[in-house]
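Student: Mind having a look at this structure? Questions to follow.
Rule-based calculations on the coordinates, nothing more; no lab input. Source: prediction; values computed, not measured. Heads up, the Cβs are rebuilt from the backbone with ideal geometry, glycines too, and the neighbour counts pull from every protein chain shown.
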Amino acid sequence: MMLESHRRLIDEAGAAAEKILRTAAAGSPFLVGCHFDADGLAAAGILSKALCRKGASFHLRVLKQLDPDTVDFLSKSAPETIVLADIGSGYLELLEEPSKSKDVFILDHHQINGKINGRLTHVNPHLFDIDGGKEVSGAGVAYMVARAMDQRNLDLASLAVVGAVGDMQDKNEKRTLQGFNSHIVKDAVEGGCLKVDTDLIIYGRETRPIHKALSHTVNPFLPGLSGEEDNCLALLTSISIPIKVGDRWRTVVELTTEEKKRIMSAIVENITSRGLEGSVAMNLIGSVYTLLQEEKWTPTRDAREYAALLNACGRMERPSVAIAICVGERGSTLAEANQVLSEHRKTLAKYMSLINERPEIVENLEGVCIIHGEEFLNENMTGAVSSLLSSSETFAPDKVMVVIAKTKSGEIKISVRATEKMVKKGLNLGLVLQLNAQKHGGVGGGHKVAAGAQIPQPKWREFVEDLNRAVTGLLR
């Protein structure tokens, strides 16, 4: 039986869809704005397909954040209807000005800050006591609106699943999407777009040689294996796993059940030999989401690999490539996305090496661990670095991870990550960053476990010290 809160969210999405359809039928153009991570780009793909199917005219804009300059652009834009996906809920007061003269739709899942004003339609799971950080992503909210616009859009459910795993909403038992996401998964499965299995969750399971796939697995981070291709090859050789069939490399999807068991046992032994709990390896077993309408042996076949492509394109300032993939382009576009992904991984590996080699850039306070990346870290990469460090379980595991970089405008970009254990103790990073950012003249927000902020350079130190006090006060 569907929960009443879930039904109310579906009804709200339906009401928003009706308004969007009326605007499309009148021939009025749209401005669609989306966040630049995997979830936001998947949402953009969903809305683009849905609007195209209705013959609507729209301009798409990818946004890194909502700040006064961005909102000023929205206010002065020609379209009288603005649709924001995976962004906006934390900045309702900023959006008051454009909503005075334009119809503004916010399709988001982040925590809410401010009150609805003007001509603003707000679809957000938090309005119905549904946790947007765990139960439905921005792409999921966009999908529910698209689904209500036209039943043909049921085929976009699998793209919403990509957005959800890209937003790491699979941090549940057996890495399964739960809560409201289960309705979207059901749509995709029943529509013949998706298959769900319990299997090894190893990055590149469809496309990469087994040893390369294992070395590229960073969630969970496997010391001695993650990023260590030679070590992965040696491990597979030591347990007699054939890595080739003739001249062709085998992939993870070709492993037998018995081979997978041997690999898991070897990984557990490797982890425990380094003084870590073998249970970390159990995060490698869980729900695998396969997009059945995608070609086998391609990176868009596996939802997590698809999400990694989108995230890389967004972070490496190539979001147009990601959106092209989402709306169906393959061939040379997919090859370009793969190249961007390779560049993204090399960049991330370089940053991780710098952090490990330069202890002077690591600052430990009582409740937070700060990575000072002002001099070398691209502002687009702070989220990826903080997530990787937080998930490693070997780098300040009992502290909130704070990664900082300098923006092109000279402000300080901050990405913060907590653990589920901290959240269970009452920590809500999104709320903490909202309040502290406002106090220090910046903007911030996000989810309980992951959030970000942008702070004027002269105020960032006060911001971090206030954050440390808030965290230690809650976690004592």
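Student: At R0 = 30 Å, how high is the FRET efficiency between residue 376 and residue 421 if r is their beta carbon distance? Nearest 0.05 is fine.
Tutor: It comes to 0.45.
Student: Convert each backbone phi in the range 12-19 into a coupling constant with the Karplus relation 6.51 cos²θ - 1.76 cosθ + 1.60 (shift: θ = phi - 60°), then list the ³J(HN,Hα) values in order as whole Hz, x for Gly and Pro.
Tutor: 5, 5, x, 5, 5, 4, 4, 5
Student: I'd like the GluC sites (Glu not before Pro) in the range 283-336 restricted to DSSP loop residues with at most 12 other Cβ atoms within 10 Å, sorted by number.
Tutor: 295
Student: Moving on to the next point. Could you tell me which chymotrypsin sites (Phe, Trp or Tyr not before Pro) in the range 279-347 are loop residues by DSSP with no more than 14 other beta carbons within 10 angstrom of their beta carbon?
Tutor: Sparse-neighbourhood loop chymotrypsin sites (Phe, Trp or Tyr not before Pro): 297.
Student: Let me ask something additional. For the chain, what does the helix formula give at 222 nm: sum of -39500 (n - 2.57) over DSSP H segments with n ≥ 4, over the residue count, nearest 500 deg cm²/dmol?
Tutor: That comes out to -13500 deg cm²/dmol.
Student: Could you order the peptides 246-256, 149-159, 416-426 from most to least packed, using the average number of other C-beta atoms within 10 Å per residue?
Tutor: 149-159, 416-426, 246-256
Student: PRE reach from residue 5 (point 7 Å along Cα→Cβ): which of the range 121-137 fall under 17 Å by backbone N?
Tutor: Within reach of a label on residue 5, which here means backbone N under 17 Å from a point 7 Å along Cα→Cβ, the range 121-137 contributes 123-137.
Student: Shifting gears a bit: Between residue 21 and residue 476, with labels modelled 7 Å along Cα→Cβ, what's the label distance in nm to one decimal, could you check?
Tutor: 5.6
Student: Expressed in nm to one decimal, what extension gain is obtained for the pair residue 248 and residue 261 from 0.36 nm per residue of sequence separation less their Cα-Cα distance? Let's see the in-between values first.
Tutor: Values: separation 13, 0.36 × 13 = 4.68 nm, distance 2.27 nm.
Stretched fully, the residue 248-residue 261 segment lengthens by 2.4 nm.
Student: So, in Å, what gap is there between the alpha-carbon centers of the range 1-70 and the range 404-476?
Tutor: The range 1-70 and the range 404-476 have Cα centres separated by 28 Å.
Student: Can you give the Rg to Rh ratio of the range 224-322, both from alpha-carbon atoms, with Rh computed by the Kirkwood formula?
Tutor: 1.02
Student: Report the extension gain between residue 273 and residue 28 in nm, rounded to one decimal, defined as 0.36 nm multiplied by the number of residues separating them, less their alpha carbon distance.
Tutor: Result for the pair: 81.9 nm of gain on full extension.
Student: Quick one: which residues, 5 or more positions from residue 407 or on another chain, have an amide H under 5 Å from its amide H? H modelled 1.01 Å from N in the peptide plane, none for Pro or chain starts.
Tutor: Excluding prolines and chain starts, which carry no amide H, the hits are 412, 413.
Student: Could you order peptides 22-35, 356-369 by the average number of other Cβ atoms within 10 Å of their residues, highest first?
Tutor: 22-35, 356-369
Student: Sticking with this structure for a sec: Using a basic spin-label model with each label point 7 Å from the Cα along Cα→Cβ, how many nm lie between residue 228 and residue 127?
Tutor: Taking the simple label geometry, residue 228 and residue 127 are separated by 5.0 nm.
Student: Continuing with the same structure: Between residue 358 and residue 80, with labels modelled 7 Å along Cα→Cβ, what's the label distance in nm to one decimal, could you check?
Tutor: It works out to 5.3 nm between the two label points.
Student: By how many nm would the segment from residue 59 to residue 285 lengthen if fully extended, with 0.36 nm per residue of separation less the alpha-carbon distance? Provide the component values of the computation, followed by the final result.
Tutor: Working: separation 226, 0.36 × 226 = 81.36 nm, distance 4.11 nm.
Full-extension gain reported as 77.2 nm.
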